[in-house]
Ligand code: SF4
C-alpha cells in the first residue's frame, strides 16, 4: 500500500517544508498546539519573516528536491492567499519541486469562503485538510469550535470541488459518545470524504481547559472498553469503505496517503519555518534537530534582527536517532522497511534492537519482524506507547 512512499522515503535528496501560522480566531479547550489569538496580524511583516526563514534554510539545503509543503497551525486558512502564494513562489526559487509535489494547507470551516479556496488553489495549494472535528452541533459546541455542522459540510463540499485532494479531521471517543452514534457519524463522514480522513481519539493534554475539567470530574471520557470498541468500529467501517488506516489516526485509499506526514513517519528530512516549527536536516551526513522560537512576537523580532529565529540546532544521533525513527515508523501500518531504517539509522534493524526486549513483543504478536522490515500489528498499534516503552527503555 505505502510501498511507493517507502521507496520515496529512502531517497536522501528529498526534502519537505513545514510552515507554521500560529494564529486562530479563538482557542479550542482541548488544544495544546502553538496557537494564539490576536486582534490583528501584520500580514506583510509575517510574510517577509517567513520568506527570510525560507532563504535561511535554503542556504543550508541547496540542491535538494522539495516533495511537499505543509502550511500548519494555528489556522493557516487565516493567511492571506497572497502570503501563501509568496511562500510557494519563493520555495520554487530555492529548491527544485518534485513533479508530484504535495502542497497542503490546513483550514477551519469558519475561515473559508469560495473565493478564498479558489485563490489558494491558484496560489499552488493542491491539497486541503479541514478541521471539521465533529458533524453534530452539540459535539462542536463541546469542542469549543466556531463552526456548526452546516458550515463544516459546506466547507467539505467546496474543498471537493476546488482541490485535487482533500481531507478532514474528526475527533471521537468524546464524553458520552456511544458506538452507535459514532457509527452513524462516521458513515456520514465517509459519504462526504474523498480519499483521506484523519480520525483522532480525544486526548486530554496538560495545561488545557479540558485537563482542568477532567481533574475536577466535569469531563469524563469513555471507559477503556468503550474507547477500544470505538477504535475497533472505526477500523472496520473505514476498511469496509476502502479507507484503511495507514497510520494510527490516518485513513486513505491506497496511493492517497499524506506524503508530507510520511516524511515525518519515515525519518526523512524536513525544514520547519515559523514560530515553534521543528525540523530535521541532514548536513554532511549528520542529522540536525532544529527548533524555532515558539512565541509569535519573539519569533518575528528575532527573524527581523537576524534573518531566522532558530532556538536550537543540535545533532541527533546514536540511540536517540534510532528511538526517534522507531517511534515514528511504528505508527505506520506498513511499519519501517529495512531499507528506510538502514538509510535513516545507518544500521540493520537486528543490530539496533535488543533481542531480550524484542522477543516478548514478537511472541505477544504486538510486533512483526520479517523480510519487509519491522511493523506493529493492529493490537500493537492500539497500545503503541506501552510497546515502545518495552522495546526502547
Ligand atoms: S483551531 Fe486548531 S490550532 Fe487553533 S486553537 Fe483550535 S485546535 Fe488549536
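Only Cα sites of segment 172-283 enter the Debye sum here, all with the same form factor; the resulting log10 I(q)/I(0) across q = 0.24 1/Å is -1.20, listed in q order.
If you build the convex hull over the alpha carbons only and average its shadow over all orientations, what do you get for segment 1-156? Give it in nm² to one decimal.
10.5
In terms of packing, defined here as the mean over residues of other Cβ atoms within 10 angstrom, the peptides 15-25, 378-388 line up highest first as 15-25, 378-388.
Stretch residue 316-residue 137 to full length: gain in nm at 0.36 nm per residue minus the Cα-Cα span?
Between residue 316 and residue 137, full extension yields 59.9 nm more.
Based on the mean of other beta carbon atoms within 10 Å per residue, what is the order of 77-86, 270-279, 136-145, most packed first?
Descending mean neighbour count gives 270-279, 77-86, 136-145.
Just how many % of Cα pairs in the chain lie over 40 Å apart, if you round to the nearest whole percent? Don't skip to the answer; put the middle values down first.
On the way: 10131 of 77028 pairs.
Taking all Cα-Cα pairs of the chain, the fraction more than 40 Å apart is 13 percent.
Spherically averaged projected area of the convex hull of Cα atoms, segment 150-226: 6.5 nm². Could you tell me what fraction of 2.2 N^0.38 Å the Cα radius of gyration of segment 252-393 comes to, as a two-decimal ratio? Ratio of Rg to 2.2 N^0.38 Å for segment 252-393: 1.20.
Mean-square fluctuations from a GNM of the chain, with a 10 angstrom spring cutoff on Cα atoms, peak among 355, 296, 244 at 355. Of the peptides 228-241, 188-201, the ranking by mean beta-carbon count within 10 Å, highest at the top, reads 188-201, 228-241.
Please order 94, 147 by the number of other Cβ within 10 Å, starting at the fewest.
Working: 94 18, 147 23.
The fewest-first ordering by Cβ neighbours comes to 94, 147.
Each reported figure results from applying straightforward, stated rules to the coordinates on display, with no laboratory input. What you are looking at is a predicted structure, and each value in this text was computed from that prediction instead of being measured. Every residue, glycine among them, receives a Cβ derived from its backbone with ideal geometry; neighbour counts consider all protein chains shown.
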